[in-house]
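**Student:** A single structure is presented below for examination.
The values are calculated or read from the model by the stated rules, or taken from the named source; none is laboratory data. These numbers come from a predicted model, not from an experiment. Here the Cβ is made from the backbone with ideal geometry for all residues, glycine too, and neighbour counts use every protein chain on show. Just so you know, the surface numbers come from the protein's heavy atoms only, side chains and all, with ligands and any DNA or RNA stripped out. Shrake-Rupley method; radii C 1.70, N 1.55, O 1.52, S 1.80 Å.
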Amino acid sequence: MPGVDVVLRRTLSRARSLIAERRVRSAIEVSGRDARGAEVVIFFAEPVGQFYQLGVWLPVFERLAERGVRVGLILKDALSAREAMARSSLPVYFSRSMQSIEQRLEQDGTRVICYVNNAQANFTMLRWTGSAHVHLNHGESEKASMVSNQLKAYDVAAVAGTAAIERIAQNIPRFELSHAVAIGRPQLDALPARPARGSKLRVLYAPTWEGDSQAMAYSSIPTHGRAILEELRGVAGIELIFRPHPKTGDVSGAVRREITQLRKEFADVLDERSDPGVLLNDADVAICDISAMAYDALALNIPLLLVGERDCQLRRRLPAQQLLSAQAPVAATVRTLAEAGVSAQQAELASYFFASTEKGRSTELLHELLERL
């Protein structure tokens, strides 16, 4: 059960969203951004605190719109709708009424509804029989949430690659594997070319959040965070960037206190404003937990130092020098990884986890999937 402070923050967020509704509706009307005639939509019912899940897909769907796909966003939270308008050029439809949303879908003849998470509210939308329902998720990883039985509810689960299909086959009984379609990681297609290596070694530490259960507790913030930051900050020849997951501290009071302190103490290396994909793409070495950032490092061909003891294919198949050890100095380890470049094992894992890492190919695969439905 969430703590009192978590419930209070959620209640306050809900209240702020309700207050903003009239202004948001007016802004949509005045801007001419109302989503009408969309053949493909993303349905997002979550509050703005979860917006990062939708945000990573906005550039992808903007590229699809440039190809002529009629794309729209359907949001049930006013603050999320306002954020979508600020972050994207895509048309938006905002309503808290499922009846109004279904009427709009019917009027527009919407063919496909996409989902970027497994939020409970999705299952209200899934009752709609007039469109194909496609689960996209917002990242590839081996977290427990990636093998939810909820995937059975969608017509198609668009997954990253072979690893995801095997993971589903092994962990979700009676799942129809023909419904899993590998498309790679379209979010990475729009990243700019990697910059040339500078005079300093760029090291990104990007830990995940604490999760809402023990099964989802993958964050290194409580166990390794301070030690990693203290060892790397100020080391000659190393430029450290600290990018914690935006939800860090949302559930655990202890983690919230720790991340609040770390943000203060390491403000000089903290970057929570830049796109996380760009930060990763610019890094010479990435230090990540078992989370989407680690798997994106594979796809982007960036040497990875993995934190965490949880058993998974990534941990089993990376060489020992890419697993954070309490004995090995972190600074020396990242220097060694940068000098050696991407290991053969990591390169093989990129092909295993992603249908394609060729620039632009994942967007093509997604486009082909949506066109078939």
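**Student:** How would you classify region 226-280 from its alpha-carbon gyration tensor, with a ≥ b ≥ c the square roots of the eigenvalues: rounded for a/c under 1.5, else prolate if a/b is greater than b/c, otherwise oblate? Provide the component values of the computation, followed by the final result.
**Tutor:** Values: a/c = 2.53, a/b = 1.34, b/c = 1.90.
Here region 226-280 falls in the oblate category.
**Student:** Subtract the Cα-Cα distance of Arg9 and Arg372 from 0.36 nm times their separation in residues, and report this length gain in nm to one decimal. All intermediate terms of the calculation are to be shown ahead of the outcome.
**Tutor:** Numbers: separation 363, 0.36 × 363 = 130.68 nm, distance 4.20 nm.
Once the chain is fully extended between Arg9 and Arg372, it gains 126.5 nm.
**Student:** Another question about this same structure. Leaving out same-chain residues fewer than 8 places away, which lysines sit with a Cα under 21 Å from that of Lys152?
**Tutor:** Lys143
**Student:** Another question about this same structure. Helix 253-265 against the longest principal axis of the chain: what's the angle in degrees, Cα atoms only, rounded to the nearest 10?
**Tutor:** Computed tilt is about 60 degrees.
**Student:** Okay, next question. Two-decimal Rg/Rh of region 162-211 from alpha-carbon positions, Kirkwood Rh? Display every interim value, and only then the final one.
**Tutor:** Working: Rg = 17.8 Å, Rh = 15.2 Å.
Looking at region 162-211, the ratio lands at 1.17.
**Student:** Ok, one more. Given R₀ = 22 Å, what would the calculated FRET efficiency be for Arg87 paired with Arg194, taking r from the Cβ atoms and rounding to 0.05? The partial results should precede the final answer.
**Tutor:** Values: r = 24 Å, r/R0 = 1.08.
After rounding to 0.05, the efficiency reads 0.40.
**Student:** Can you work out the FRET efficiency for the pair Glu106 and Arg22, with r the C-beta to C-beta distance and R0 = 30 Å, to the nearest 0.05?
**Tutor:** Details: r = 26 Å, r/R0 = 0.86.
Rounded to the nearest 0.05, the efficiency is 0.70.
**Student:** Okay, moving on. Which angle between 0 and 90 degrees, to the nearest 10, do you get for helix 344-353 versus the longest principal axis of the chain when only C-alpha atoms count?
**Tutor:** For helix 344-353, the angle is close to 10 degrees.
**Student:** Turning to a different aspect of this structure: Starting from 0.36 nm per residue, how many nanometres of slack lie between Thr162 and Asn301 once their C-alpha separation is accounted for?
**Tutor:** Numbers: separation 139, 0.36 × 139 = 50.04 nm, distance 1.80 nm.
Residue separation times 0.36 nm, minus the Cα-Cα distance, leaves 48.2 nm.
**Student:** Let me ask another. Which whole-Hz ³J(HN,Hα) couplings does region 29-36 yield from phi under the Karplus relation 6.51 cos²θ - 1.76 cosθ + 1.60, θ = phi - 60°, glycine and proline marked x?
**Tutor:** Using θ = phi - 60°, the values come out as 5, 5, 7, x, 9, 5, 6, 10 Hz.
**Student:** What do you get when you divide the Cα radius of gyration of region 57-196 by 2.2 N^0.38 Å, with N the number of residues?
**Tutor:** 1.12
**Student:** Still on this model: Would you mind working out the magnitude of the charge dipole of region 110-243 relative to its Cα centre, with +1 at each Lys and Arg C-beta and -1 at each Asp and Glu C-beta, to the nearest 20 Debye?
**Tutor:** 260 debye
**Student:** Would you mind working out the magnitude of the charge dipole of the chain relative to its Cα centre, with +1 at each Lys and Arg C-beta and -1 at each Asp and Glu C-beta, to the nearest 20 Debye? Walk me through the numbers before you get to the answer.
**Tutor:** On the way: 45 positive and 43 negative charges, 142 e Å.
Result for the chain is approximately 680 debye, rounded to the nearest 20.
**Student:** Something else now. Using each residue's phi in region 114-128, evaluate 6.51 cos²θ - 1.76 cosθ + 1.60 at θ = phi - 60° and report the 3J(HN,Hα) Karplus result to the nearest Hz, with x for Gly and Pro.
**Tutor:** 10, 10, 9, 7, 10, 4, 4, 5, 4, 6, 6, 5, 5, 5, 5
**Student:** Here's a follow-up. Is the shape of region 180-305 best called rounded, prolate or oblate, per the rule: a/c under 1.5 gives rounded, else a/b larger than b/c gives prolate, else oblate, with a ≥ b ≥ c the square roots of the Cα gyration tensor eigenvalues? Working shown, then result.
**Tutor:** Values: a/c = 2.03, a/b = 1.11, b/c = 1.83.
Since a/c reaches 1.5 but b/c is at least a/b, the shape of region 180-305 is classed as oblate.
**Student:** Considering only Ile183, Ala193, Asn171, whose Cα is most displaced toward the positive end of the charge dipole of region 155-194, charges sitting on Cβ of Lys, Arg (+1) and Asp, Glu (-1)?
**Tutor:** It is Ala193.
**Student:** Now for a separate question. Among Cys288, Cys312, Cys114, whose mean-square fluctuation peaks in a Gaussian network model of the chain (Cα, cutoff 10 Å)?
**Tutor:** The residue that fluctuates most here is Cys312.
**Student:** Taking the Cα atoms of region 217-373, report the difference between the largest and smallest coordinate on each principal axis, in whole Å and largest first.
**Tutor:** Each principal axis gives a Cα extent; for region 217-373 these are 50, 35, 30 Å.
**Student:** For a distance above 17 Å, tell me the whole-number percent of Cα pairs in region 196-266 that qualify. Walk me through the numbers before you get to the answer.
**Tutor:** Details: 1066 of 2485 pairs.
Everything past 17 Å amounts to 43 percent.
**Student:** Rank these residues by their accessible area, most exposed first, probe 1.4 Å: Asp311, Asp189.
**Tutor:** Per-residue accessible area, sorted high to low, gives Asp311, Asp189.
**Student:** Compare the peptides 265-272, 135-142, 366-373 by average per-residue count of other Cβ atoms within 10 angstrom and give them in order, highest first. Could the numbers behind the result be given before it?
**Tutor:** Working: 265-272: 14.0, 135-142: 22.2, 366-373: 16.6.
So the order, starting with the most tightly packed, is 135-142, 366-373, 265-272.
**Student:** Considering only protein heavy atoms, what per residue accessible area in square angstrom results for the chain with a 1.4 angstrom probe?
**Tutor:** 45 Å²
**Student:** Right, another one. Between 0 and 90 degrees, rounded to the nearest ten: what's the tilt of helix 361-372 against the longest Cα principal axis of the chain?
**Tutor:** The answer is roughly 20 degrees.
**Student:** Please report the carbon-and-sulfur percent of the accessible area for the chain; probe 1.4 Å, protein heavy atoms only, DNA, RNA and ligands left out. Could you put the intermediate results ahead of the total?
**Tutor:** Numbers: 8360 of 16690 Å².
Reported share for carbon and sulfur atoms: 50 percent.
**Student:** When the dipole is taken about the Cα centre of region 11-111, and only Lys, Arg (+1) and Asp, Glu (-1) are charged at their Cβ, what size is it in debye, to the nearest 20? If you can, show how the numbers build up before the last one.
**Tutor:** Working: 16 positive and 12 negative charges, 48 e Å.
Rounded to the nearest 20 debye, it is 240 debye.
**Student:** Express in nm, to one decimal, how much length is gained between Asn149 and Glu66 on full extension, taking 0.36 nm for each residue of separation and deducting their alpha carbon distance.
**Tutor:** Numbers: separation 83, 0.36 × 83 = 29.88 nm, distance 3.45 nm.
Extra length from Asn149 to Glu66 when fully extended: 26.4 nm.
**Student:** Quick one: which of 238-249, 313-324 comes out on top by average Cβ neighbours within 10 Å, and what's the full order, highest first?
**Tutor:** Numbers: 238-249: 21.1, 313-324: 15.6.
For the peptides 238-249, 313-324, the packing ranking is 238-249, 313-324.
**Student:** Of Trp128, Trp209, Trp57, which is the most mobile in a GNM of the chain whose springs link Cα atoms less than 10 angstrom apart?
**Tutor:** Trp128
**Student:** Report, as a whole number in µm² per second, the diffusion coefficient that Stokes-Einstein gives for region 131-246 at 37 °C and 0.692 mPa s using the Kirkwood radius over alpha carbon pairs. Numbers along the way, then the final one.
**Tutor:** Values: Rh = 17.1 Å.
Diffusion coefficient, whole number: 192 µm²/s.
**Student:** Hey, of (1) 1.34; (2) 1.00; (3) 1.20, which did the structure itself give for Cα Rg over 2.2 N^0.38 Å when calculated?
**Tutor:** Checked against the structure: label (2).
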